[in-house]
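Peer 1: Let me begin by handing over the structure; questions about it come next.
The values are calculated or read from the model by the stated rules, or taken from the named source; none is laboratory data. Bear in mind that the values here come from a model prediction, so they are computed numbers and not experimental data. Quick reminder, even Gly has a Cβ in these numbers, built from the backbone with ideal geometry, and neighbours come from all protein chains shown.
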Amino acid sequence: MSVLEMKVPSPGESISEVEIAEWLVSDGDYVEKDQTIAEVDSDKATLELPAEAAGIITLKAEEGETVNVGQVICLIDTSAAAPEKKDAPKADKKEEPAKEIKEDKEEKKEESSKTESKETYATGTSSPAASKIMKENNVSSNKVSGTGKDGRITKQDVVDVMASGFDAETTSGWGGTRNKIPKKMSMLRRKVAERLVAVKSETAMLTTFNEVDMKPIMDLRTQYKKMFAEHHEVNLGFMSFFTKAVTEALNIFPSVNAQIDGKELQFLLQKV
């Protein structure tokens, strides 16, 4: 039995510890070499941890646990055999005319020439960044189609799905009693929060202006302005459009509507 000890690599200078943000595999799973098995957070970056060898993995650290650089966080039994893949049942061989065999070979050749993504462990699996967004916004992986390598779900895939809109059921509790849901922040987010607070009190604050194309809004307002005024007896302004844009943005980035409480983010939700 040959066991490989995987240790926490150094993310950079002056960093002596990291936090296990998420395990992407379970204890006892068979992992392939270079397969991403965990995501670790430091004060400066979030890193993916690839498997150094193929074998059965044994986890030695829990999610959310702070570990030192160089500490053993998992064991990989490299002597373990890979699980057998179930082959599709073979069809009974029948004699066919030479012409039909030739046509079948040509069809197979055309199919093999097409570019298709291979079915691997990454198919349908979300990247660490995509997984975080999906958890924060309760997005099911069944609703997201992966466009990454070998069908892997990327961060942009999740953002595209969320930008397409959301069900009306998600707004059923709006207008009720506010409820705070605590969520532990990563080491990187905590450090950024500390720096932002320090910057606010130690440096001058500036205002940034971003320009947007308002022509579609102006055209829409011109089209319905008269009808709106006749029905509601009030002029159609721009606040409705701004409110709509803000609510859609908050659906994609819910952390904007959150508060920092120590080491946790308090997401402000509505309780039915």
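Peer 1: Among the residues of region 241-250, is any in a loop (DSSP other than H, G, I, E, B) and either among the aliphatic types (A, V, I, L, M) or free of Cβ contacts under 8 Å to residues at least 40 places away in the same chain (or both)?
Peer 2: No, every residue in region 241-250 fails to be in a loop (DSSP other than H, G, I, E, B) and either among the aliphatic types (A, V, I, L, M) or free of Cβ contacts under 8 Å to residues at least 40 places away in the same chain (or both).
Peer 1: If I filter region 193-201 for residues that are in contact (Cβ under 8 Å) with a residue 40 or more places away in the chain, outside the structural domain of Glu63 (by TED's automatic domain parsing) and surrounded by 11 or more Cβ atoms within 10 Å (Cβ to Cβ), do I get at least one hit?
Peer 2: yes
Peer 1: Sticking with this one: What residue, among those in region 233-272 that are out of contact with any strand residue (DSSP E or B) (no Cβ under 9 Å at 6 or more places or on another chain) and among the β-branched types (Val, Ile, Thr), is farthest from Met187 (Cα to Cα)?
Peer 2: Val234
Peer 1: Any chance region 40-49 includes a residue that's surrounded by 18 or more Cβ atoms within 10 Å (Cβ to Cβ), part of a strand (DSSP E or B), at pLDDT below 90 and hydroxyl-bearing (Ser, Thr, Tyr)?
Peer 2: Looking through region 40-49, at least one residue is surrounded by 18 or more Cβ atoms within 10 Å (Cβ to Cβ), part of a strand (DSSP E or B), at pLDDT below 90 and hydroxyl-bearing (Ser, Thr, Tyr).
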